[in-house]
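See structure below.
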Amino acid sequence: MNAGAGTEIRTGFYICHCGQNIAGVVDCPAVAEYVARLPSVVVSRDYKYMCSDPGQELIKQDIREHNLNRIVVASCSPLLHEHTFRHAVEAGGLNPFLFQMVNIREHDSWVHTDHAAATEKAKALAYAAVRRVRFHTALETKRVSVHPDVLVVGGGIAGIHASLTLANAGKKVFLVEREPSIGGHMAKFDKTFPTLDCAACILTPKMSAVGAHENITLWSYSEVVKVEGYVGNYQVTVKRKPRYVNEELCIGCQECIRACVYKEAKFPDEFNVGMGKRKPIYIPFPQAVPQVVVIDPARCLQVKSGKCKQTCVEACADRRAIDFTQREELVQIKVGNIIVTTGFKLFDAKRIPQYGYGVYPNVVTSIELERLVTSSGPTGGELLLRDGRTPQSVAFILCVGSRDYRTNRWCSRTCCMHSMKLAQLVREHTGADVTVFYLDIRAPGKGCEEFYDKSLKDGIQFVRGRVAEVTDWAVTPEEEGKLVIRAEDTLAGLVRRIPVDMIVLAVGMEPQSDAQDLRRLFNMSCGTEGWFLEKHPKLAPVSTFTDGVFIAGCCQGPKDIPDSIAQAGAAAAEAMALIDRGYIEQEPNTAYVVEEDCSGCKSCIPICPYTAITFDEAKAKACINPALCKGCGTCVAACPSGSIRQHLFEDEEIMSEIEGVLSHA
Amino acid sequence: MPKPRIAIYWCASCGGCEEAFVDMAEGIVGVLEAVDIAFWPVALDFKKSDVRALPDKGLFAAFVNGAVRTSEQEEMARLLRRKSRHLIAYGACACSGGIPGLANLFTREQLLRFVYEDAPTVSNAAKTRPQTACMDDGRELELPELRNVVRTLDQVVEVDYYVPGCPPTPKMTQEAIGALLSGKLPARGAVLAPDMALCSECPRRSSKPTDLAFKAFRRPHEALIDPQKCLLAQGVVCMGPATRAGCDAACPAGNMPCTGCMGPTSRVRDQGAKMLSSLCASISARDDAAIGSVLDGIPDPVGTFYRYGLPKSLIRRKADLPAQEAAVP
Amino acid sequence: MPDAAFQPRIVAFFCNWCTYTAADLAGVSRFKYAPNVRVVRLMCSGRVDPQFILSAFSQGADGVLIGGCHIGDCHYSEGNLKTLRRFQMLRRLLRGLGIDERRLRLEWISAAEGDKVRVIVNEMTEQLRALGPLGLPGRFEEWDREAGRTEAEAAGSEAREEAAHA
């Protein structure tokens, strides 16, 4: 079925119109006509949609009728449809690698306006491919089994949902969370828009389910430090930070916290974004999972100095859960797939000094307000000003750090709705007048426009305009003792001064500050903004360019809870698809040493980052382990005697491509 | 039956290749028993007319050494091509340009001016230069014209076989003649030397580490070279990995690095590019400045990587030199 | 004076993971750029054998562009670092061979930088237009004209000499 050496090369060439996408710029019939006259070309056709069933059928039929043994398709990017056409070639009875694809859409018709030049370019690229494909040989894909376990990185709502979905399907999951408890940002919310259901009520059961699930190994207070291997077979090293409490033995009774030598909680509490206080030994929040205390090594006297009465140990008594001998531990696990759900960080409001955050105590961020209105917060849910008064008037400033060339250009998508929710809660809690300064209200989600209507009906004032500044400089008696917002009201066409008691800054979302490190760790890409890049914005929104690594939730870009959950489910499904099939077909683009040519000069050995090349002392030859080779081809370029070759990227193939693009004038 | 006739001729070369024949020592006796030497102007008194008088293909083989630089060399190459069944490019210069090939970095004018006027040992106040034609005593005298470009033999005529090396070793020469006489020949166009890199026969190979990373390069005169250890492991650029075997690693065995005279293996089109690729990939430096200072250790990249092969390389000649200059006055 | 009508030919070697993808993104984003570039896809810029570059020049490329992932971001860990080292030496070599080193360009273009593809290709096209054609195949032909000439000459002189000897 395959063309062996000496067999006459019979090439079929197909150029796709892609509707008007290609044909609108490139003269497809002219290219087909040109290619038809090239040596070895037996069939040359242009067709409206090559990727359609009839298009693929054309290839299959021609292979049979014209006894073709090489196929070239000029259409879109091989990253999009190479698989499709390889499949068609195979279905037509040829080895799928006797095929070459020419990218004349993304690299030609979509980027050039000069039709004649674009057509010439298409001809040159087609010519190169026709020349190249002559050197293609039949190759077999290698099947590698997929380890059935999955690593989920980040225990926010996306990570929790992905873990549970997988675990409920019987897959073993390792969930690694950096903080002492899972829950992420959602655990800090009071209620959720637009339904105003209580965040804790819907999140806590899922958190407990994670903690109790037999298929989930939860490692909180831990970080992934190293990822090796490839899809189906990742070796991951996880750093488990010492919490000085044995998770197996602690039952979460919190006797130790009460017994701590610090009688009063005096350290800022992370969960309440620094507005509450905790002790050196603490539980992050009442519903924390795991329900295990943690000791802050920066605060605990025993950890810091070794000179403490250890009243906590005493209180723990014969449980002996507190263990000051704990040390950082590196654990290695094997997984087949990785789902990254590492979330976002909030914009630092101090970066816009004219809004007075950090200067005026009654300027707060949206997440701070969230903690101030929730009953589990530092004030028990009572919204008070810093001097203890109840605010009479509250203003929200939207798009803080968002949609602004000076800070972040993107829309954080959730702040409009989040602010309206908080505005309603403020009205509910205090009856204060609420004014919202906005640029545009973005309420596209299900039930969100209705929520906006409700906010209007509830008497919340909306002023359209970017706030210029916040000051405490009163120019009229009614501004005395208040914060004054100066903003342009673009609908009324005037600049207004509005005095209020409290200002809430709706800070946007940003990529985690260590997103770049994570990206490298998991071999992903980031967009220019720093969000993890999906493989395709529409067709592969949770896949990355590294097979077996998926992304979900806000690490990919700002989104609300339902969208995060939807992505988490999608990522879990993608991982399951790989696990349940059980194997991966690896692209056969590995490098190989031609033993009789190798001089044993060892130049290639230090080049390989995967230690796939070893020196066989007995034979005095280099040797490549195909299971370790990832097909970069760096050693092929480096072999000084031309004795290493690479399937799919042979020197002859590349050289003939170069010759091809240049010999078409 | 008459013995097969062979010719040995030199073009732009140093004469080392002729030496290589003589270096066969007693071996040459066997050769002389098997063949008749029909033309060897360096050693024996033959005239061009003797060759001309032969019928076409009347020579069994012609061994031509040296690069092709003059009109006369072109003419002789063509003549020998026509008269011989097997034309052999013998030695680095004929195969790939050799040391004379480095003249492709200069124009003819630059060379002539240096050689006849500017060289420190030259005293030529009249600035006399060779002429292609002049009158002497009423007789017209001719000299060959120096071409603008140095060429390999196969850039002028078709070549059947190549025997590389500067010069080829007596062993290779004897084997090549043997192969020709026995008729056990590889495909036309083949190089009659092992198609494997030099490291395969280098006595130092086992001392080369598998984790080589270059921190600096040194030229032979800048280093006290350890006579046992791989030269690359000592930071000395040794072209061995990118150069054919066949010389029994004569230079490394003599405590000098391989400079690449045997040319690349059949799988490599451009020896210099390949060596550069291999060498530079293993530099340990990680940023522009540090990489640059390591590379400073190779002050003459063209001379290092293309010492014997510039005319045969992909670029052939310094690209910005003019094709023609006014002919020598 | 640069010839405005001169259409430089650029052969580009793009790595599959970053720069090729970026060029795809440029397409999806409909960024318009000069049609002078022809992309050869490789898995990693580390696969770019310097022979490919010299071969492209010798066959008529006016410029060669290598595109890889940013340093630290290579899909294969450090392939691009090897490319960087080779590139640096190649520039020195090209200088020695009388080829303007601006004809060889190495750019790190991540998968997200579709616009950078546009900018670089346009910039390079203009740069090469200003430099003018490299035109090595034409130069080879010109260089060899002197050797070709002798065929007729040789025949002539041989005939003359033979006549003289006769």
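The values are calculated or read from the model by the stated rules, or taken from the named source; none is laboratory data. Keep in mind it's a predicted model, so treat the numbers as computed, not measured. Here the Cβ is made from the backbone with ideal geometry for all residues, glycine too, and neighbour counts use every protein chain on show.
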* Asked: From C:His165, C:His70, which residue is within 30 Å of A:Asp517 (Cβ to Cβ) and at pLDDT below 95?
  -> C:His70
* To do: Can you confirm whether segment A:483-503 contains a residue that is under 30 Å from A:Lys226 (Cβ atoms) and either assigned to a loop (DSSP other than H, G, I, E, B) or basic (Lys, Arg) (or both)?
  => no
* Select from segment B:233-258 the residues that are within 20 Å of A:Cys604 (Cα to Cα) and either β-branched (Val, Ile, Thr) or not in a helix (DSSP H, G or I) (or both) and list them in ascending order. => B:Gly235, B:Val236, B:Val237, B:Cys238, B:Met239, B:Thr243, B:Arg244, B:Ala245, B:Pro257, B:Cys258
* Asked: Pick from A:Cys601, A:Cys639, A:Cys632: which is surrounded by 19 or more Cβ atoms within 10 Å (Cβ to Cβ), under 33 Å from the mean Cα position of the chain (by Cα) and either among the hydrophobic types (A, V, I, L, M, F, W, C) or closer than 17 Å to C:Cys74 by Cβ (or both)?
  -> A:Cys632
* To do: Just name the residue that is farthest from the other protein chains (Cβ to nearest Cβ) out of those in segment A:91-122 that are touching a Phe, Trp or Tyr at 6+ places or on another chain (Cβ under 9 Å) and over 17 Å from A:Val661 (Cβ atoms).
  => A:Pro96
* Structure fact -> The residue from B:Ala216, B:Ala126, B:Ala179 that alone is surrounded by fewer than 18 Cβ atoms within 10 Å (Cβ to Cβ), outside any strand (DSSP E or B), of a type in the set (A, V, I, L, M) and in contact (Cβ under 8 Å) with a residue 24 or more places away in the chain is B:Ala216
* Taking A:Cys411 as the residue in question, decide whether it is part of a loop (DSSP other than H, G, I, E, B), touching a residue at least 60 places away in the same chain (Cβ under 8 Å) and farther than 26 Å from A:Lys277 by Cα. => yes
* Asked: If you check B:Gln324, B:Gln234, which single one turns out to be within 10 Å of another protein chain (Cβ to nearest Cβ), out of contact with any His (no Cβ under 7 Å at 6 or more places or on another chain) and either over 17 Å from A:Cys639 (Cα atoms) or modelled with pLDDT under 95 (or both)?
  -> B:Gln324
* Among (1) part of a helix (DSSP H, G or I); (2) in contact with a Pro (Cβ under 7 Å, 6 or more places away or on another chain) - the single one B:Ala193 does not satisfy -> (1)
* Name the residues in segment A:566-577 that are out of contact with any Ser or Thr (no Cβ under 7 Å at 6 or more places or on another chain) and either buried (at least 21 other Cβ atoms within 10 Å of the Cβ) or not assigned by TED's automatic domain parsing to the domain that holds A:Phe522 (or both), would you? -> A:Gln567, A:Ala571, A:Ala575
* Just checking, how many residues over segment B:261-302 are buried (at least 20 other Cβ atoms within 10 Å of the Cβ) and either in a helix (DSSP H, G or I) or more than 7 Å from every other protein chain (Cβ to nearest Cβ) (or both)? -> 22
* Asked: If B:Val191 satisfies every condition in (1) within 12 Å of another protein chain (Cβ to nearest Cβ); (2) surrounded by 19 or more Cβ atoms within 10 Å (Cβ to Cβ); (3) within 27 Å of B:Pro264 (Cβ to Cβ) but one, which is the exception?
  -> (1)
* To do: Would you confirm whether any residue within segment A:163-180 is surrounded by fewer than 24 Cβ atoms within 10 Å (Cβ to Cβ), of a type in the set (S, T, N, Q) and assigned by TED's automatic domain parsing to the domain that holds A:Glu574?
  => yes
* In segment A:604-623, how many residues are more than 9 Å from chain B (Cβ to nearest Cβ), among the β-branched types (Val, Ile, Thr) and crowded, with 20+ Cβ neighbours inside 10 Å? -> 0
* Specify which of the listed residues (A:Ala618, A:Ala577) is outside any loop (DSSP other than H, G, I, E, B) and free of Cβ contacts under 8 Å to residues at least 60 places away in the same chain. => A:Ala577
* To do: Scan (1) over 24 Å from A:Cys635 (Cβ atoms); (2) within 14 Å of chain A (Cβ to nearest Cβ) for the single condition B:Cys258 breaks and write down its number.
  => (1)
* Structure fact -> Residue hits (segment C:56-72; at the interface with chain A (Cβ under 7 Å from one of its Cβ atoms) and either surrounded by fewer than 24 Cβ atoms within 10 Å (Cβ to Cβ) or in a loop (DSSP other than H, G, I, E, B) (or both)) are C:Gln59, C:Gly60, C:Ala61, C:Gly72
* Scan segment B:139-176 residue by residue and report those that are surrounded by fewer than 16 Cβ atoms within 10 Å (Cβ to Cβ) and either under 21 Å from B:Tyr308 (Cβ atoms) or hydrophobic (A, V, I, L, M, F, W, C) (or both). => B:Leu141, B:Leu143, B:Lys171
* To do: Kindly indicate whether C:Ala4 is out of contact with any Cys (no Cβ under 8 Å at 6 or more places or on another chain), farther than 24 Å from A:Ile644 by Cβ and of a type in the set (Gly, Ala, Ser).
  => yes
* Asked: Is at least one residue of segment A:605-617 on the phi > 0 side of the Ramachandran plot and in the same structural domain as A:Tyr234 (by TED's automatic domain parsing)?
  -> no
* Structure fact -> Matching residues in segment B:42-93 (farther than 20 Å from B:Cys166 by Cα and away from every other protein chain (no Cβ under 13 Å)) number 14
* Quick one: in segment A:654-665, of everything that is part of a helix (DSSP H, G or I) and either more than 14 Å from chain B (Cβ to nearest Cβ) or small (Gly, Ala, Ser) (or both), which residue is farthest from the chain's Cα centre (by Cα)? => A:Ser663
* Does at least one position in segment C:55-69 carry a residue that is touching a Gly at 6+ places or on another chain (Cβ under 7 Å) and hydroxyl-bearing (Ser, Thr, Tyr)? -> no
* Asked: Which residue out of C:Leu128, C:Leu94, C:Leu90 is touching a strand residue (DSSP E or B) at 6+ places or on another chain (Cβ under 7 Å), more than 9 Å from every other protein chain (Cβ to nearest Cβ) and modelled with pLDDT of 95 or more?
  -> C:Leu128
* For segment B:303-320, name all the residues that are crowded, with 21+ Cβ neighbours inside 10 Å, away from chain A (no Cβ under 14 Å) and either among the polar types (S, T, N, Q) or free of Cβ contacts under 8 Å to residues at least 24 places away in the same chain (or both). => B:Ser313, B:Ile315
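Every residue, every condition in (1) free of Cβ contacts under 8 Å to residues at least 12 places away in the same chain; (2) more than 33 Å from the chain's Cα centre (by Cα); (3) in the same structural domain as A:Gln287 (by TED's automatic domain parsing), yes or no:
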site: A:Ile352; (1), (2), (3): no, no, no
site: A:Tyr355; (1), (2), (3): no, no, no
site: A:Gly358; (1), (2), (3): yes, no, no
site: A:Leu369; (1), (2), (3): no, no, no
site: A:Gly381; (1), (2), (3): no, yes, no
site: A:Thr390; (1), (2), (3): no, yes, no
site: A:Ile397; (1), (2), (3): no, no, no
site: A:Gly401; (1), (2), (3): no, no, no
